[in-house]
Amino acid sequence: GQTCSALTRMFVPKDRHDEAARLAKKAAEKFSVGDPFDGEARLGPLVSAVQRDRVRRYIERGVEEGATLVTGGAEPPEGIDRGFFVRPTVFADVRNDMAIAQEEIFGPVLTVFKARDLDEAIELANSVEFGLSSSIYTRDVTQAFRYADQVEAGIVHINASTLGGEVHLPFGGMKASGTG
């Protein structure tokens, strides 16, 4: 998987794609949306109406371009009539030529790709102009280090999430991410 500032992409072997999409759906649907101060919500609002509308347009465009909407969507979260909220959204069957695959969305949107093998996953990861952080989950240490060596990202995690690992100062990044 790869997180590039606000472009969250997950590459999985072709034969595990549907399973990964189901698991991502299950995880996304556990994220309750709402006021982060009420103690129940796990996903708060975006910064503005402009950003909320921008994210919703990306979601609509993903559907228009042929990605499979697994969960979420552009419509407002149920029961929330105030604020800048977007439903956690997962797309499957994403192609690299889609806007949701190439552009920073800055919203709760995950794109799931089919990768033939590690080489194609690295090629997909490197095909965007962003490269803040990336992670690989594997039991094969050789593949993990090959990925870490070849992926163009400022930070590469092995069997760990990209969230929370970044230093909270400018650290470089690669390409158009961070201070890269």
Quick check on region 139-153: of everything there that is open to solvent by 40 Å² or more (accessible area, probe 1.4 Å) and not β-branched (Val, Ile, Thr), which residue is modelled with the lowest pLDDT? Glu152
Could you give me the residue pairs with C-beta distances under 6 Å whose first residue belongs to region 45-72 and is in contact (Cβ under 8 Å) with a residue 40 or more places away in the chain, whose second residue is open to solvent by less than 30 Å² (accessible area, probe 1.4 Å) and assigned to a helix (DSSP H, G or I) wherever it lies, and which are 6+ apart or on separate chains? Tyr58/Ile100; Gly62/Ile100; Val70/Ala21; Thr71/Ala28
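Return yes or no: is Val12 open to solvent by less than 10 Å² (accessible area, probe 1.4 Å) and outside any loop (DSSP other than H, G, I, E, B)?
Taking the combined requirement at face value, the residue does not satisfy it.
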Condition met for Glu120 (outside any loop (DSSP other than H, G, I, E, B), of a type outside the set (Phe, Trp, Tyr), under 24 Å from Leu69 (Cα atoms) and open to solvent by 10 Å² or more (accessible area, probe 1.4 Å)): yes
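Of everything in region 45-92 that's acidic (Asp, Glu) and assigned to a helix (DSSP H, G or I), which residue is most open to solvent (accessible area, probe 1.4 Å)?
The initial filter retains those residues of region 45-92 that are acidic (Asp, Glu), namely 53, 60, 64-65, 75, 78, 81.
Within this subset, residues satisfying the condition of being assigned to a helix (DSSP H, G or I) are 53, 60, 64.
Numbers: Asp53: 58, Glu60: 92, Glu64: 147 Å².
Of everything passing the filter in region 45-92, Glu64 is most open to solvent (accessible area, probe 1.4 Å).
The values are calculated or read from the model by the stated rules, or taken from the named source; none is laboratory data. What you are looking at is a predicted structure, and each value in this text was computed from that prediction instead of being measured. We place every Cβ from the backbone using ideal geometry, glycine too, and count neighbours over all the protein chains shown. When the accessible area is computed, the model is the full protein with side chains, heavy atoms only, and any ligands, DNA or RNA have been set aside. Shrake-Rupley method; radii C 1.70, N 1.55, O 1.52, S 1.80 Å.
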